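In what follows, a structure is listed as structure tokens, so that the remarks can point back to it.
Read-outs: derived from the displayed coordinates by stated rules, not from any lab. What you see is a predicted model, and the numbers here were worked out from it, not measured in a lab. Virtual Cβ from ideal backbone geometry, glycine too; neighbours counted across all protein chains shown.
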Amino acid sequence: MTIIYRCQLELHDSLYFATREIGRLYETEPMLHNYALCYALGLVDSEAYSTRVSEEHSYRYFCPEQIPKYEEHLTPLNQQGIYVTPARAVNHTSVLNTWKYADNRYHVEMQKTQKNIPSFGRAKEIAPESRFEFFAIAQKPLKLPKWIRLGKWMSKAEVTVGEITKFKQSEGEFTFPYPLNPLDVMFSHQVISYDVINMPPVSLIQNIKIRGQYYEFDNLKIPAQMQYRFSS
């Protein structure tokens, strides 16, 4: 049994993560990676990614090492028959914040310094009340949280979930206007053309012309059989 959920996400705080760095400008793309959504939605089993430092420490609150383990954390979702697509902005506005910092070498080993040269940077963030949309596909009923936190500032966001009750499965050539993770779809489908969205950890694609199996509902065709896959 396949269940498709159409999910809306509304920001209640400004959202920041560095999609790209242009000099001193750190820009947030109005796109949410499906890896980040899986963690934010609580789909990654806390026991699977808890650290060995302490039973109370997990990547939800504390990360003693900056080594991503996406394959280890997300592969179990394939076994559970759960897949979440990246999210695109339905409507959004951006805000530009300027921040300043100073040379604080004197905080490290009490080093003497003759200068205290201020510097600055700018962060382009997604403003509150911006809305995103994504899909969750599961092989059994899935209960998603109403409130989640995203980005570097752990910004609060509200999730609204609607279940797609009527859809059909077919095969052929179709277009998909939403973003996708190319690693997750190229093993099961033939991707003919697309636009690239450069963002870590895996660049996404959108405006995709594709051939393969799909689910069809509300004049939309979404690829079927997608799973989390990782480059070797």
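Long-range amide H contacts for S94: which residues qualify at under 5 Å (H placed 1.01 Å from N, peptide plane, sequence gap of 5 or more or a different chain)?
Placed amide hydrogens put A127 under 5 Å from S94.
Which pairs in the list K69/K100; K124/K146; K143/K221 are over 28 Å apart, alpha-carbon to alpha-carbon?
Among K69/K100; K124/K146; K143/K221, the Cα-Cα distance tops 28 Å for K69/K100.
Pulled fully out, how much extra length does the chain show between E72 and D195, if you take 0.36 nm times their separation in residues and subtract their Cα-Cα distance?
41.4 nm
Calculate the spin-label point distance for R24 paired with T165, positioning each point 7 Å from the Cα along the beta-carbon direction, and give it in nanometres.
5.6
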